[in-house]
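Working notes for the structure below.
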Amino acid sequence: ARGVAASGEGGSPLTDTPPVNAILSLLQLADHPQDTVARYHVAMTPLGAAVEYTDWRDAAAARRLSGRVRRALARDGYGATLAGWVAGVAVRSERREDERLLQLVELGHRWDERSTLRPGDFIRYVGKEVVEDPSAARVQVMTVHKAKGLQFDVVVLPELQYSMADKGRG
């Protein structure tokens, strides 16, 4: 909230960047072409132009796009298909977003080893996977226990004025 770049120790889901969420919406559209939220999200992002889907109201175009996406996933796999989409949107993204997109491609390659016919399964996989944030943020957020022995120059322990017993009293 204060504009301080920070990374969580142990990583975070890739769903923390808009371009990754746009691609996940495209996969949702592939699984459910009638999903108007996914259709709107894809059409209103740079990904929509990259996959030639810019009118979220066009149900016939959504069904055609769904078929194209599913065929590409079956033919080329998730890693290669995602890499193609990323190439179409990465130049429009910020550096951190580009790095997160590349991590999504890597998850796609890992998913190819066990992929199913449902893009929704991959969406759930991405949501559960914790991936290191590639940012070289100087501020790292972690528990006291994880910070032990790491030899940081400065360690900030917030809210030490409260006892653990006081936490439940509000």
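The values are calculated or read from the model by the stated rules, or taken from the named source; none is laboratory data. Keep in mind the model is a prediction, meaning the values are calculated, not measured. Cβ: placed from backbone, ideal geometry, glycine included. Neighbour counts: every protein chain shown. The area values use the complete protein model at the heavy-atom level, side chains included, leaving out ligands, DNA and RNA. Shrake-Rupley method; radii C 1.70, N 1.55, O 1.52, S 1.80 Å.
Numbers at a glance
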quantity	calculated
Out of 62, 87, 83, 74, sole residue that is modelled with pLDDT of 95 or more, surrounded by fewer than 18 Cβ atoms within 10 Å (Cβ to Cβ) and part of a helix (DSSP H, G or I)	74
Hey, residue 106 under 13 Å from the mean Cα position of the chain (by Cα) and more than 17 Å from residue 45 (Cα to Cα) or not	yes
Tally of residues being farther than 22 Å from residue 71 by Cα and in contact with a Gly (Cβ under 8 Å, 6 or more places away or on another chain) across region 12-44	2
First in region 72-84 and under 21 Å from residue 46 (Cβ atoms), second anywhere and open to solvent by 20 Å² or more (accessible area, probe 1.4 Å) and among the small types (Gly, Ala, Ser), Cβ under 8 Å, 6 or more apart	72/84; 73/115; 78/115
Pick from region 128-147, criterion loosely packed, with under 10 Cβ neighbours inside 10 Å and assigned to a loop (DSSP other than H, G, I, E, B), ranking: modelled with the lowest pLDDT	136
